[in-house]
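Below is one structure; the comments refer to it alone.
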There are 2 protein chains.
Amino acid sequence: MLAPQSRTARDAALHAVADALSARTDEILAANVQDVARARATGTPEAVVDRLTLTAERVAAIASDVRDVVALPDPVGEVVRGRTLPNGLDLRQVRVPLGVVGIIYEARPNVTVDAAALCLKSGNAVLLRGSSSAYASNTALVGVLRDALHEAGLPADCVQLVPGEGRESATELMRARGLVDVLIPRGGASLIRSVVEQSTVPVIETGVGNCHVYVDASADLDMAVDVLVNSKAQRPSVCNAAETVLVHADVAEAFLPRALDALAAAGVTVHGDASWQRADARVVPATVEDWGTEYLSYDIAAAVVPDLEAAVAHIREWTSGHTEAIVSRDAAAARRFTALVDSTAVMVNASTRFTDGGQFGFGAEIGISTQKLHARGPMGLPELTATKYVVTGDGHTRD
Amino acid sequence: MLAPQSRTARDAALHAVADALSARTDEILAANVQDVARARATGTPEAVVDRLTLTAERVAAIASDVRDVVALPDPVGEVVRGRTLPNGLDLRQVRVPLGVVGIIYEARPNVTVDAAALCLKSGNAVLLRGSSSAYASNTALVGVLRDALHEAGLPADCVQLVPGEGRESATELMRARGLVDVLIPRGGASLIRSVVEQSTVPVIETGVGNCHVYVDASADLDMAVDVLVNSKAQRPSVCNAAETVLVHADVAEAFLPRALDALAAAGVTVHGDASWQRADARVVPATVEDWGTEYLSYDIAAAVVPDLEAAVAHIREWTSGHTEAIVSRDAAAARRFTALVDSTAVMVNASTRFTDGGQFGFGAEIGISTQKLHARGPMGLPELTATKYVVTGDGHTRD
């Protein structure tokens, strides 16, 4: 636990980390070359190799992100609630670090530094368990981090890479109840599912997004096309991209052709129900599997629904609880949709792509929680803290 | 999920519950007589039989507690955060019900109604799994609750007693991930440990309290005696009662005799280290086991420590993380203690017994969380909610 370290000490250490990343870029790139060569040799897809690859520019960007984190407001010490009780006791609920945060994540080595910076800024120690494909890069990056912390006067062990490249190291991390306060998996659906199922350490589920756009009977159809195409195609590989569009039957005839043209122009394949299939020969017939699929690609499932309640019922059955959007000019319909849909974020006349810590003004995020306990939605620095009560009296006793 | 039920409907239903408890008291008492007779027949200790027993007065008190819950502020719909983003999007983070709350609890049948009322008030459905020793009483109480809800126009299934008296019913509840949003065990340490270990549903750990009182070198010794005796003996059977006293060596000679007399007068047996043993023949030698014991009785472990840091080290090693108190006139020592001790509540010159939802002004509590995620300390109605983001735009899309 870093609680007794002052904000000044933590911020100075993070500045030292940023400086060290710049100064030791060559060393980091040399390690990364090994990972990249190994990935290419084992036939890793070029897109994955690209995410794994570091360049001088990327390391500079990582260092710059660390400086941005330093500049964020410190959550530790924030008084969340406070009052003087009738008996004169002063009650304060104060944010404190969680303690030790474990992160299990996939290929991108930038997550190593990003997650460590957020944890350190919020006063936590962090255990990092990255992908074995990035092991050399992560080892180099964590080495740089630890040296910089040590030189800045913080314990180097505030940041640790879980040793070993095999499955056992992840399993050990998941079983370290009492030693690790929370585990945050960052990556694909199967990684997250496996952590949730195996961990005895409390887990914050992140990131699986089967997001929906519902086009209401009263929608401005130009706006609906814009929101739909942006939700699906602006960056299809991320969790807040839309995967299904639901259209009110009253506007299907007017909307479907326009949506299909716009989606086709954006390179999107539509997997549609019978109504969508009738509207256009380009539509691939949807199977029941499509409703539950997080494509993360230029594909979208599409259905026509008789009314808003049917859209809500479809969403409740299939959503991963990440983000759903309604496009509607009807204030009552928007209110009803936001009340009935219980997802992390509900958008009214806005793209699903806005569910993001940066977009929400949090400055940075460690992930997007799709669970209900502790944190729900983009997790910034306050979500990396717990609270404790400090109660001050003059010898108060209970009757 | 009860989210779409208005506060008016939920409050009316809770008033109907209170009325029905009064009107059907005879029926409840008749069921309770069966449980009590069975408990006596199986040789249950009289203290446990007393906690199991209902009387007309006790049922009236339970109904009155329900009316108190109705009068509390509704947490659902509270806007926790809200701002207009630079791009004009309106961002609101709003409290919503958790969904389905499971409660696993021991003998007292009043918990059945108390927990149901708090869950209903906060818009949740509740699954109750009480002790098999109270099964007839709980069945009667839940029958009354369900009838009242139904008559008030709410789904009776908002409150359900998990059927069956055996272990399997608890196990099924613990494995209902995806159906139950959170599980709250209320009871002894072994119940809580078994739920934490077996549950795949997220659990909120409650109530184990190995609480410490530290008497600093600068303590007002009269105050220290008062705080110590109150922390230990005002009600020893509860989780916020003190179980260990640590005394700074500089005041041991002056404090120990006075503390020993006061504790003896309150009927408390001291299990002390060598210093305490030297101070008084009545002191029972403490073994290492005593430091980790939650006595819940008129017993206390006692040690002398060389300084505040040693007290903190002892607490960090042995505490269950519930409540620790310092008695000190030295503001710097108090600040250091509150910074270094990472428990749910840290008391300065006040009894550990104040860690309580009622004392903190929350109106009611469903338990005292000793974990870090989601809720820490006494859990009132807001702790029975999650949040979601509602984001409203005018067709906003991301660049």
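So, in region A:276-314, exactly how many residues are touching a strand residue (DSSP E or B) at 6+ places or on another chain (Cβ under 7 Å), assigned to a loop (DSSP other than H, G, I, E, B) and among the aliphatic types (A, V, I, L, M)? Number satisfying all stated conditions: 2. Of all residues in region A:65-91, exactly one satisfies the criterion of being within 21 Å of A:ALA375 (Cα to Cα), assigned to a strand (DSSP E or B) and touching a residue at least 40 places away in the same chain (Cβ under 8 Å), namely A:VAL80.
Report yes if some residue within region B:329-338 is modelled with pLDDT under 95 and facing chain A (nearest Cβ under 7 Å); otherwise report no. No, region B:329-338 has no match at all.
Do we have B:PHE255 as in contact with a strand residue (DSSP E or B) (Cβ under 6 Å, 6 or more places away or on another chain), farther than 21 Å from B:ILE192 by Cβ and part of a loop (DSSP other than H, G, I, E, B) here? Judged against the criteria, B:PHE255 is not a match. Taken as a whole, the condition of being of a type in the set (Ser, Thr, Tyr) and either outside any loop (DSSP other than H, G, I, E, B) or in contact with a Pro (Cβ under 7 Å, 6 or more places away or on another chain) (or both) applies to B:THR392.
Exactly one residue out of A:LEU246, A:LEU179 is exposed (fewer than 15 other Cβ atoms within 10 Å of the Cβ), on the phi < 0 side of the Ramachandran plot and aliphatic (A, V, I, L, M): that is A:LEU179. Looking only at residues that are at the interface with chain A (Cβ under 8 Å from one of its Cβ atoms) and within 13 Å of B:ARG235 (Cβ to Cβ) in region B:351-371, which one is nearest to the chain's Cα centre (by Cα)? The residue in question is B:THR355.
Looking at A:ASP11, A:ASP50, A:ASP35, just one residue is of a type in the set (Asp, Glu), in contact with a Phe, Trp or Tyr (Cβ under 9 Å, 6 or more places away or on another chain) and outside any strand (DSSP E or B), and that residue is A:ASP35.
Count of region A:372-387 residues, restricted to those that are at the interface with chain B (Cβ under 7 Å from one of its Cβ atoms) and either open to solvent by 10 Å² or more (accessible area, probe 1.4 Å) or assigned to a loop (DSSP other than H, G, I, E, B) (or both), is 5. Would you check if there is a residue in region A:185-198 being within 30 Å of A:THR293 (Cα to Cα), surrounded by 14 or more Cβ atoms within 10 Å (Cβ to Cβ), within 14 Å of chain B (Cβ to nearest Cβ) and touching a residue at least 60 places away in the same chain (Cβ under 8 Å)? So far as region A:185-198 goes, yes, one or more of its residues are within 30 Å of A:THR293 (Cα to Cα), surrounded by 14 or more Cβ atoms within 10 Å (Cβ to Cβ), within 14 Å of chain B (Cβ to nearest Cβ) and touching a residue at least 60 places away in the same chain (Cβ under 8 Å). Could you run through region A:206-234 and say how many residues are within 11 Å of chain B (Cβ to nearest Cβ) and part of a strand (DSSP E or B)? So the count comes out to 0. The sole residue among A:VAL49, A:VAL111, A:VAL96 that is open to solvent by less than 30 Å² (accessible area, probe 1.4 Å), modelled with pLDDT under 95 and more than 18 Å from the chain's Cα centre (by Cα) is A:VAL49. Close contacts from region A:162-183, counting a first residue that is within 17 Å of A:ALA115 (Cβ to Cβ) and a second that is open to solvent by 90 Å² or more (accessible area, probe 1.4 Å) and at pLDDT 85 or above, with Cβ to Cβ under 9 Å and a gap of 6+ residues or different chains, come to A:VAL162/A:GLU172.
The values are calculated or read from the model by the stated rules, or taken from the named source; none is laboratory data. Just so you know, these numbers come straight off a predicted model, no measurement behind them. Positions of Cβ are backbone-derived with ideal geometry, glycine not excepted, and every protein chain shown enters the neighbour counts. The protein model used for the area step is the full one, side chains on, heavy atoms only, and it has no ligands, DNA or RNA in it. Shrake-Rupley method; radii C 1.70, N 1.55, O 1.52, S 1.80 Å.
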